[in-house]
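Notes to accompany the following structure.
The values are calculated or read from the model by the stated rules, or taken from the named source; none is laboratory data. Because the structure is a prediction, the values reported are computed rather than measured. Using ideal geometry, Cβ is built from the backbone for each residue, glycine included, and neighbour counts are taken over all protein chains shown.
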Amino acid sequence: MLRLEDADVFYGKAQALGGVSIEVREGEVVGLVGRNGAGKSTILKTLMGLLTPTRGRRIHKGEDITSLPPQKISRRGVAFVPENRQIFPNLTVEENLRLAGVMHKPGFWTYDRACGLFPRLRERARSNGSSLSGGEQQMLSIARALMTNPTVLMLDEPSEGLAPLVVRDVRDAIVEIHRQGMAILLVEQKVAIPMSIGQRIYVVDHGTVGWSGTTAEFAADRAAIENKLAI
Ligand SMILES: Nc1ncnc2c1ncn2[C@@H]1O[C@H](COP(=O)(O)OP(=O)(O)OP(=O)(O)O)[C@@H](O)[C@H]1O
Ligand SMILES: [Mg+2]
């Protein structure tokens, strides 16, 4: 579905990724975990086209998309919910959502279904993006990505900075999105959520993949993996 193949990525002269290969298959929830600065966000940005690898390729549904810009990758069905959420502060919740659907193929996820997933967004439909709480912003950011009806959804630390009850809502929403058939690449610093809802896990360590396997394999070897990779 979506794959990074042996990718090197630099910020200027500083190398952030070295020979990273990861993939998300159809209908999978894949966790990408690792400590601060390991390279998790860089992997998502590279898959989205915001960064270009100096070596290696990105592939979507078997096609090489290494040279495509983010807008074209988005139109092919890859969606990205960045860490900083990037909602439009001067547009209402409803405007943020409807705008996201423009230029994309219609599909299962409509305005009503997105608000069904996050009822709070319907209550806040006429509020400006700037007035939302952190949890509401995260919900809007995820709902906005859904409005593009992607085939793969990439989420960068969706639970970060949220109260435990809101974390639960966001986690439940991810489970529901997956149940509707979406492939999901989920970045988290901690492994708890990917372990409970995912099928496979990659541990990113100093710009490389330090470990990968199924969640069951991770669970069986958890202490050793966490110890070795300091997560
Ligand atoms: N815009 C940038 N310019 C220069 N270096 C960067 C930039 N963004 C990230 N880096 C560096 O690249 C490396 C990987 O960063 P990245 O943001 O991918 O890590 P991360 O795993 O997402 O960490 P976190 O859990 O803190 O979000 C780090 O060493 C970081 O300092
Ligand atoms: Mg990050």
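Before moving on, here are some points about what is shown:
- Residues in region 10-68 that are over 22 Å from GLN199 (Cβ atoms), among the charged types (D, E, K, R) and within 10 Å of ligand 1 (Cβ to nearest atom): LYS13, ARG35, LYS45.
- Residue match in region 214-221 (condition: over 15 Å from the mean Cα position of the chain (by Cα) and within 16 Å of ligand 1 (Cβ to nearest atom)): no
- Residues within region 148-171 that are within 16 Å of ligand 2 (Cβ to nearest atom), farther than 26 Å from MET1 by Cβ and surrounded by 18 or more Cβ atoms within 10 Å (Cβ to Cβ), tallied: 1
- The residues on offer are ALA7, ALA38, ALA14, and the sole one that is at pLDDT 95 or above, more than 21 Å from ALA230 (Cα to Cα) and surrounded by 23 or more Cβ atoms within 10 Å (Cβ to Cβ) is ALA7.
- Count of residues meeting criterion [surrounded by 14 or more Cβ atoms within 10 Å (Cβ to Cβ), closer than 21 Å to ALA143 by Cβ and out of contact with any Gly (no Cβ under 6 Å at 6 or more places or on another chain)] in region 51-85: 11
- Applying the condition of being polar (S, T, N, Q) and assigned to a loop (DSSP other than H, G, I, E, B) to region 24-71 and asking which residue is nearest to ligand 2 (Cβ to nearest atom) yields ASN36.
- Members of region 13-23 that are assigned to a loop (DSSP other than H, G, I, E, B) and either within 16 Å of ligand 2 (Cβ to nearest atom) or among the aromatic types (Phe, Trp, Tyr) (or both): none
- Selection within region 86-97 - surrounded by fewer than 16 Cβ atoms within 10 Å (Cβ to Cβ) and either among the charged types (D, E, K, R) or free of Cβ contacts under 8 Å to residues at least 12 places away in the same chain (or both): GLU95
Table: residues versus (1) surrounded by 21 or more Cβ atoms within 10 Å (Cβ to Cβ); (2) within 16 Å of ligand 1 (Cβ to nearest atom); (3) modelled with pLDDT under 95; (4) of a type outside the set (A, V, I, L, M, F, W, C).
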| position | (1), (2), (3), (4) |
| --- | --- |
| ARG113 | no, no, no, yes |
| ALA125 | no, no, no, no |
| LEU140 | yes, no, no, no |
| LEU185 | yes, yes, no, no |
